[in-house]
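Asker: Attaching a single structure in structure tokens format; questions to follow.
The values are calculated or read from the model by the stated rules, or taken from the named source; none is laboratory data. Quick caveat, the model's predicted, so the values are computed rather than measured. Ideal geometry is used to build each Cβ from the backbone, glycine not excepted, and the neighbour counts take in all protein chains shown.
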């Protein structure tokens, strides 16, 4: 036999533009939770997909990876810093901040060929960035 909460969950699946992930929560509780977060966690229910909020969350996540890698560099934990950068690049392969951080990480770790490849890619993507071009020219001048 269906109770009121089960009927509410079943009815929510037919609402347009809504995603029901956890039908156990009531809409009242979900709305209250949604109001307290800029974007609800995936386990929340009854939220409407909003591309602006999704982009905001993605940019915040990328910032988190970037800042965590910087903290590890300050702690001299370069292995973990690279691991964190790699995880962030799995989310957004073309994020300029993460890519340039990886280039400097490789440079400081003595991986000059990888650094040169990254700067070549950055110069192609951002041809007006003189900093990337000068770094590539320096790497070329040492015979790489």
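Asker: Could you check residue 116 against (1) outside any loop (DSSP other than H, G, I, E, B); (2) without any contact (Cβ under 8 Å) to a residue 24 or more places away in the chain and say which number it fails?
Answerer: (2)
Asker: Using beta carbons and a limit of 8 Å, which pairs, at least six apart or on different chains, have the first residue in segment 48-69 and over 16 Å from residue 100 (Cα atoms) and the second one exposed (fewer than 12 other Cβ atoms within 10 Å of the Cβ)?
Answerer: Filtered contacts from segment 48-69: 48/17; 49/17; 53/38; 56/38; 57/38.
Asker: How many residues are more than 16 Å from residue 81 (Cα to Cα) and touching a helix residue (DSSP H, G or I) at 6+ places or on another chain (Cβ under 8 Å) when one looks only at segment 96-114?
Answerer: Here the count works out to 3.
Asker: Give the residue, chosen from 128, 94, 22, that is modelled with pLDDT of 90 or more, surrounded by fewer than 16 Cβ atoms within 10 Å (Cβ to Cβ) and assigned to a loop (DSSP other than H, G, I, E, B).
Answerer: Result of the check over 128, 94, 22: 128.
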